[in-house]
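The values are calculated or read from the model by the stated rules, or taken from the named source; none is laboratory data. These figures come from a predicted structure and were not determined experimentally. We place every Cβ from the backbone using ideal geometry, glycine too, and count neighbours over all the protein chains shown. Protein only, heavy atoms only, side chains kept; ligands, DNA and RNA dropped before computing areas. Shrake-Rupley method; radii C 1.70, N 1.55, O 1.52, S 1.80 Å.
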Amino acid sequence: MSNPVTVEVTRGSLVESCHRGTIVAVDGDGKVVFGLGDIDGGVFPRSSCKAMQALPLVESGAADAYGFGNKELALACSSHNGEDDHVALAASMLARAGGSVEMLECGAHWSSDRKTLIHQARTITAPTALHNNCSGKHAGFVCACCHQGIDAKGYCGYDHPLQQEIRGTMESLCGAVLGRDNCGTDGCSIPTYAVPLRGLAHGFAKMATGNGLEPLRAKASRRLFDACMAEPFYVAGTGRACTELMQIAPGRIFAKTGAEGVFCAAVPEEGISIAVKCEDGTTRAAEAMVAAALARFFERGSEVHAKLVSMGVKPMHNWNGIHVGDIRVTAALLA
């Protein structure tokens, strides 16, 4: 099926570009509240599913053993900017488990955030794995291994015990069979699995509500969600959509982006989770889509609703500050 146009980019009074996408919102029982496009098509969640991948860190007792609070758990679910506080906290997490940066298998890269990159270029010679946007997640992986007495070496591998545990966790949450046939390699080198968008949303709805989860997993899920909502800076960072969405409604919105136009979010008080995929992989469209979808679950006329709607319509300015057009969701999402 052809996915609908969900986001338009205007220049002057004309539409210059458009993005097609699919979006689904489900409740804790898996009931579709609304959906557009091919919601049963497989997508790679990429980094949007980091809260699912962080469950072994909590369920194993590692988080408690190393004294992790909300900041550490939020960083374990993050795709951060590599700002100084992110880097320092990732290093601290490793140190508490007796580990070091050399144990990280995510690779090193400069920040993709312009201001952070300029700061890094002025203060360091080269980035380390701690600056990688996934270093918090990988620090969590190392800590989970160390606490359970598992050799952390090779923890990114498909057959490593930790990745086997994560695979089983995601199968249970998303209701999908995960294996080599639907496996790819993520940017940070761990396995990533294509799952139906509906299943991805349902997995997060289970985490938000506890529906269908054993008590240990339900408690761990809520703990991770609460940590991210309490410390949104450590989930992403300055100027990032994940952080901004959670700051709009503190304690009421969970949000996590992924590469290639994927975005997941939840409104725990409503028992609803949302998953979106921009067909062409564009972040600007995914951010507009998820903001507009979240607005559906907040009272019209409220400050939260207004701010979410405004994130679905972003003005574009040229280098002289002249308003030249807008990024805006289509009527299909505003219905």
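If the cut-off is a Cα-Cα distance under 14 Å, which aspartates and glutamates reach residue 219, setting aside same-chain residues fewer than 8 apart in sequence?
Excluding near neighbours in sequence, the set is 59, 64.
Please work out how much length the chain gains when fully extended from residue 32 to residue 177, using 0.36 nm per residue of separation minus the C-alpha to C-alpha distance, in nm with one decimal.
Numbers: separation 145, 0.36 × 145 = 52.20 nm, distance 2.06 nm.
The span from residue 32 to residue 177 would gain 50.1 nm if fully extended.
Can you list residues from other chains, or at least 5 along the same chain, whose modelled amide H is less than 5 Å from the amide H of residue 43?
So residue 43 has HN proximity to 195, 197.
How many nm separate the modelled label positions at residue 323 and residue 112, each set 7 Å beyond the Cα in the direction of the Cβ?
2.9 nm
So what J values fall out for the range 281-293 if you push phi through Karplus, 6.51 cos²θ - 1.76 cosθ + 1.60 with θ = phi - 60°, rounded to Hz, Gly and Pro as x?
Ordered by residue, 3J(HN,Hα) equals x, 8, 5, 4, 6, 4, 5, 5, 4, 5, 5, 5, 5 Hz.
Mind checking which aspartates and glutamates have their Cα closer than 17 Å to the Cα of residue 153? Skip sequence neighbours fewer than 8 apart in that chain.
Partners within reach: 102, 105, 165.
Using a 1.4 angstrom probe, figure out how much accessible area the range 1-140 has per residue, in square angstrom, rounded to the nearest whole.
On the way: 5650 Å² over 140 residues.
Roughly 40 Å² per residue, with all protein chains present.
Checking a compactness column here: for the chain, what do you get for Rg(Cα) / (2.2 N^0.38 Å), N being the number of residues? Please list the in-between numbers first.
Numbers: Rg = 19.2 Å, N = 335, 2.2 N^0.38 = 20.0 Å.
Cα Rg divided by the expected 2.2 N^0.38 Å: 0.96.
Kindly provide the helix-only [θ] at 222 nm of the chain, computed as the sum of -39,500 (n - 2.57) over DSSP H runs of four or more divided by all residues, to the nearest 500 deg cm²/dmol? List each step's numbers first, then the result.
Details: 14 runs with 134 residues, N = 335.
It lands at -11500 deg cm²/dmol.
Per residue, what accessible area does the range 249-306 have, given a 1.4 Å probe and all protein chains present, in Å²?
Using a 1.4 Å probe on heavy atoms only, each residue of the range 249-306 averages 34 Å².
Where a Cα-Cα gap under 28 Å defines reach, which lysines qualify for residue 115, not counting those fewer than 8 residues away within the same chain?
Cα-Cα hits under 28 Å: 50, 71, 137, 256, 277, 307, 314.
Set Lys and Arg Cβ to +1 and Asp and Glu Cβ to -1, take the dipole of the chain about its Cα centre, and tell me which of 154, 239, 111 lies farthest positive.
After comparing all options, I get 239.
If I model a spin label as a point 7 Å beyond the Cα along the Cα-Cβ vector, how far apart are those points for residue 85 and residue 150 in nm?
About 3.1 nm separates the two model spin labels.
Restricting attention to the range 235-327, which trypsin sites (Lys or Arg not before Pro) occupy a DSSP loop and are surrounded by at most 13 other Cβ atoms within 10 Å?
Listed in order of number, the matching sites are 300.
Using a 10 angstrom cutoff on alpha carbons, build the Gaussian network for the chain and name the most mobile of 49, 143, 18.
18
Limiting things to C-alpha atoms, what are the Rg and the maximum Cα-Cα separation (Dmax) for the range 197-237, in angstroms?
11.3, 33
Classify the range 12-84: rounded, prolate or oblate, from the alpha-carbon gyration tensor (a ≥ b ≥ c, eigenvalue square roots; a/c under 1.5 rounded; otherwise prolate if a/b is larger than b/c)? Let's see the in-between values first.
Values: a/c = 3.35, a/b = 1.68, b/c = 2.00.
The shape class here is oblate.
Can you compute 3J(HN,Hα) from phi for each residue in the range 218-228, using the Karplus curve 6.51 cos²θ - 1.76 cosθ + 1.60 with θ = phi - 60°, rounded to whole Hz and x for Gly and Pro?
4, 5, 5, 4, 5, 4, 5, 4, 4, 5, 5
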